[in-house]
1. Are there any pairs, at least 6 apart or on different chains, whose C-beta atoms fall under 7 Å, with the first in the range 139-165 and over 20 Å from Ile197 (Cα atoms) and the second among the polar types (S, T, N, Q) and part of a strand (DSSP E or B), and if so, which?
2. Mind telling me which of the residues Leu271, Leu239 ends up being of a type outside the set (Lys, Arg) and crowded, with 21+ Cβ neighbours inside 10 Å?
3. Restricting attention to the range 248-265, which residues are buried (at least 16 other Cβ atoms within 10 Å of the Cβ) and assigned to a loop (DSSP other than H, G, I, E, B)?
4. Being over 20 Å from Tyr109 (Cβ atoms), open to solvent by 30 Å² or more (accessible area, probe 1.4 Å) and among the hydroxyl-bearing types (Ser, Thr, Tyr) is the requirement here; does Ser317 meet it?
5. Of everything in the range 52-70, what is surrounded by fewer than 24 Cβ atoms within 10 Å (Cβ to Cβ) and more than 11 Å from the ligand (Cβ to nearest atom)? Give them in sequence order.
6. If the requirement is being touching a helix residue (DSSP H, G or I) at 6+ places or on another chain (Cβ under 6 Å), among the small types (Gly, Ala, Ser) and open to solvent by 20 Å² or more (accessible area, probe 1.4 Å), which of these qualifies: Gly226, Gly194?
7. Do we find that Gly303 is open to solvent by less than 30 Å² (accessible area, probe 1.4 Å) and in contact (Cβ under 8 Å) with a residue 24 or more places away in the chain in this structure?
8. If we scan the range 23-45, do we find a residue that is within 15 Å of the ligand (Cβ to nearest atom), aromatic (Phe, Trp, Tyr) and under 30 Å from Val130 (Cα atoms)?
Amino acid sequence: MKNIMVNRLDRGFYKYQSEFENKALEVLRSGWYILGKEVSAFEAEFADYIGTKYCVGVASGLDALWIAFRILGISKGDEVIVQGNTYIASVMGITINGATPVFVEPDEYFNIDASKIEEKITERTKAILVVHLYGQASNMKPVVDLCKKYNLRLVEDCAQSHGAKFDGQTTGSFGDIGCFSFYPSKNLGAFGDGGAIVTNDEELNNDARVFRNYGSEKRYYNRVVGTNSRLDEMQAGLLRVRLSHMQELEEEKRNISNRYLDELQSSSIILPRIREGATHIWHQFVIRVQRRQQLIDYLLEKGIGTMIHYPIPPHLSEAYRCLHIPKGSLPITESYAESVLSIPLYNGMTAEEQNYVIDVINRWR
Ligand SMILES: *Cc1c(COP(=O)(O)O)cnc(C)c1O
């Protein structure tokens with residue numbers, strides 16, 4: 001029987017096995033493991049890739065988010081607008097600082113519905129957090145305009161959108177700060193945890209750099225109460241290897257996704273769509289299906305794995321009962337949580353595996 005998992009991280013490793021192994025040995029033998037030349041080189045290369053002046057490596061995507069809001073001075077009493085159907089880390093990045101998330105419904109592309117933002121702006125609103133969910137760039141023009149009009153900070157959660165563009169501009173470079181995760185399953189994945197903050201603002205760059213390292217600019221001189229959130233040399237070195245192949249990796253996933261878009265034809269599923277002006281880097285290929293559990297069981301029986309991103313929206317999560325947002329408050333968000341399904345998609349997925357997934361889904365009634 002076939003066994004096609006929803007993701008295969010080993011395939012991504014074997015694609016460039018010798019390069020990864022050589023880099024790992026180089027770092028091990030260097031005798032320097034935290035904040036060294038690999039991190040500096042990765043920061044320069046990643047800033048260049050995104051098109052920002054600065055990049056600061058941190059320990060995870062969540063750290064990138066909460067440190068971003070911290071250095072922007074967003075805290076208790078402040079509101080941050082974010083889409084309802086995001087991964088819960090986006091919301092934690094806000095609430096760790098004591099600020100309040102204000103949820104907006106998503107559009108048909110799974111990203112924030114920009115036409116529903118303005119009605120949520122109050123005198124407490126300090127920022128908009130845009131999440132480029134599943135790898136597709138959000139509709140940035142109206143968001144940027146609203147931030148200007150109301151003097152709001154703009155933060156982007158790019159944990160799923162490395163290299164995705166809107167109107168030719170790379171996500172992460174639109175606002176004050178772009179936040180990235182290099183969790184192994186992300187499009188630019190490390191072999192452990194990692195994250196980064198990108199910005200064009202020199203002061204924010206300095207603040208992030210100081211904050212990630214105990215608030216220390218000079219050893220044993222601490223300017224602020226910071227944290228320990230550093231990308232390590234091993235992850236930075238391995239990320240540099242992966243980053244050098246990003247174009248090929250992105251193309252491979254795009255080709256598989258285009259096959260799905262062209263060849264999947266079950267009338268019971270809704271395929272993802274791409275907004276005009278946006279690019280999609282296909283972190284996930286997410287379909288919508290009413291009889292979801294039936295499809296999951298059918299695929300499992302045929303040896304095909306799936307995942308739900310995400311079954312419980314943050315406002316209905318036990319962790320956020322304190323927000324007192326009842327079920328039914330965000331009907332589109334909630335209907336997505338009940339109908340979305342991610343099907344297998346990964347670098348190194350063979351044509352035979354793709355054929356099998358397409359064939360099996362097309363035979364579902
Ligand atoms: C993965 C992810 C994060 C968190 O990244 P970590 O590196 O796991 O902390 C934040 N936001 C979104 C949208 C994500 O997908």
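1. Pairs found: Tyr150/Thr125.
2. Numbers: Leu271 fails: crowded, with 21+ Cβ neighbours inside 10 Å.
Only one candidate qualifies: Leu239.
3. Residue satisfying the conditions is Leu264 alone.
4. Working: over 20 Å from Tyr109 (Cβ atoms): yes; open to solvent by 30 Å² or more (accessible area, probe 1.4 Å): no; among the hydroxyl-bearing types (Ser, Thr, Tyr): yes.
No.
5. Listed by number, the residues that qualify are Thr52, Lys53, Tyr54, Arg70.
6. Numbers: Gly194 fails: open to solvent by 20 Å² or more (accessible area, probe 1.4 Å).
Matching residue, one of Gly226, Gly194: Gly226.
7. Details: open to solvent by less than 30 Å² (accessible area, probe 1.4 Å): yes; in contact (Cβ under 8 Å) with a residue 24 or more places away in the chain: yes.
Considered against the rule, which asks whether it is open to solvent by less than 30 Å² (accessible area, probe 1.4 Å) and in contact (Cβ under 8 Å) with a residue 24 or more places away in the chain, Gly303 comes out as yes.
8. Filtering the range 23-45 for residues within 15 Å of the ligand (Cβ to nearest atom) gives none.
Within the range 23-45, none of the residues are within 15 Å of the ligand (Cβ to nearest atom), aromatic (Phe, Trp, Tyr) and under 30 Å from Val130 (Cα atoms).
The values are calculated or read from the model by the stated rules, or taken from the named source; none is laboratory data. The shown structure was predicted, so the numbers you read here are calculated from the model rather than taken from an experiment. Backbone-built Cβ (ideal geometry, glycine too); neighbour counts: all protein chains shown. We work out accessible area using only protein heavy atoms, side chains counted, and drop any ligands, DNA or RNA first. Shrake-Rupley method; radii C 1.70, N 1.55, O 1.52, S 1.80 Å.
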